[in-house]
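The values are calculated or read from the model by the stated rules, or taken from the named source; none is laboratory data. For clarity, every value in this text was computed on a predicted model and none was experimentally measured. Don't worry about glycine lacking a Cβ; one is built from the backbone with ideal geometry, like all the others, and counts go over all protein chains shown. The area values use the complete protein model at the heavy-atom level, side chains included, leaving out ligands, DNA and RNA. Shrake-Rupley method; radii C 1.70, N 1.55, O 1.52, S 1.80 Å.
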Amino acid sequence: GGVAQPVLALAALLDGHGMPASVFSSPAAGTYLASDGIPAAAARDLAWGTLPILERTALLALERSVSPPSVRMSPVIQAAIRAVMPDAMRDQAVRAAADALVEVWPADEPPWLGAMLRSCTTSLQQHAGNLLLADGCHPLLLRAGESLGRAQLTGPAVGYWRELAAASETILGPGHPDTKAIDGRLADAYLAAGQSAEAVAWFQRVLADRVTVLGADHPGTVAARRDL
């Protein structure tokens, strides 16, 4: 059916070593896969039924022994799909994949699933360019950083938030609310990693920003002063 091509487009943007199959039956994927005359719910069912067909054609592989099932795809096939994907289709697929990953990311994530979702996020970032920051920080980028903290990967968490803070400042500007929120996450990450001098410097930066924007007596400013 007509959903095979966009299903492959989604899969080509994520980590080929393992992606949750639930991504392809998520509401965001249904909206992306829906075409004229096919409602989103029906498109989700079609996508789920398309995965075994694509497996039989050796374009991907399904791992059914885990819950949720996962999908694997050869990096060679992924690269071939991305090479012929029009820019507009890629951008649409990037947004749909980001929304779908957020929707299937559980609040209480098993370690193996958290690692898989973070790897898929990293892969998507590599192919998205600045798209996930173009209109503000996409919630997926925050979720991935929070996942590193929950997994107590304090060193990688610092590196992740530091890179995201630099990218947000460049793309959105230092005064953007999302940039300031990410600065606060970076300060928290430094503190969790035991890097107190760096944490103090970033908490001071957060406090100075809130005094300037919100005023000295605003609850947000009081909270930043408490954190410092």
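Considering only region 116-132, I want to know if a residue exists there that is of a type in the set (A, V, I, L, M) and more than 13 Å from the chain's Cα centre (by Cα). No, because not a single residue in region 116-132 is of a type in the set (A, V, I, L, M) and more than 13 Å from the chain's Cα centre (by Cα).
For first residues located in region 134-147 and under 15 Å from LYS180 (Cα atoms), partners that are open to solvent by 50 Å² or more (accessible area, probe 1.4 Å) and of a type in the set (Gly, Ala, Ser) and lie 6+ apart or on another chain with Cβ distances below 9 Å form the pairs CYS137/ALA181; LEU142/ALA181.
Looking across ASP188, ASP183, ASP178, one residue alone is in contact with a strand residue (DSSP E or B) (Cβ under 7 Å, 6 or more places away or on another chain), in contact (Cβ under 8 Å) with a residue 24 or more places away in the chain, part of a helix (DSSP H, G or I) and buried (at least 16 other Cβ atoms within 10 Å of the Cβ). It is ASP178.
Within region 98-110, work out how many residues are in a helix (DSSP H, G or I) and over 19 Å from GLY18 (Cβ atoms). Of the residues in region 98-110, 1 are in a helix (DSSP H, G or I) and over 19 Å from GLY18 (Cβ atoms). If you check TRP48 against the conditions, is it closer than 17 Å to ASP15 by Cβ, at pLDDT below 95 and open to solvent by 50 Å² or more (accessible area, probe 1.4 Å)? The answer is no for TRP48. Would you confirm whether any residue within region 215-222 is at pLDDT below 95 and of a type in the set (A, V, I, L, M, F, W, C)? Checked region 215-222: at least one residue is at pLDDT below 95 and of a type in the set (A, V, I, L, M, F, W, C).
Taking the condition in contact with a strand residue (DSSP E or B) (Cβ under 6 Å, 6 or more places away or on another chain), among the acidic types (Asp, Glu), open to solvent by 30 Å² or more (accessible area, probe 1.4 Å) and without any contact (Cβ under 8 Å) to a residue 40 or more places away in the chain, does GLU63 pass? It is false that GLU63 is in contact with a strand residue (DSSP E or B) (Cβ under 6 Å, 6 or more places away or on another chain), among the acidic types (Asp, Glu), open to solvent by 30 Å² or more (accessible area, probe 1.4 Å) and without any contact (Cβ under 8 Å) to a residue 40 or more places away in the chain. The C-beta contact set for region 36-55 (first residue closer than 13 Å to SER25 by Cα, second residue open to solvent by 80 Å² or more (accessible area, probe 1.4 Å), distance under 6 angstrom, 6+ apart or interchain) comprises ALA40/THR31; LEU46/GLY1. Which of the following residues is out of contact with any His (no Cβ under 8 Å at 6 or more places or on another chain), open to solvent by less than 50 Å² (accessible area, probe 1.4 Å) and within 14 Å of MET19 (Cβ to Cβ): ALA115, ALA165, ALA157? Result: ALA115 is the single residue among ALA115, ALA165, ALA157 that is out of contact with any His (no Cβ under 8 Å at 6 or more places or on another chain), open to solvent by less than 50 Å² (accessible area, probe 1.4 Å) and within 14 Å of MET19 (Cβ to Cβ). Counting only residues that are open to solvent by 20 Å² or more (accessible area, probe 1.4 Å) and hydrophobic (A, V, I, L, M, F, W, C), region 86-109 holds 5 of them. Among the residues making up region 51-96, those that are under 22 Å from the mean Cα position of the chain (by Cα), charged (D, E, K, R) and over 15 Å from ASP15 (Cβ atoms) are ASP87, ARG90, ASP91, ARG95.
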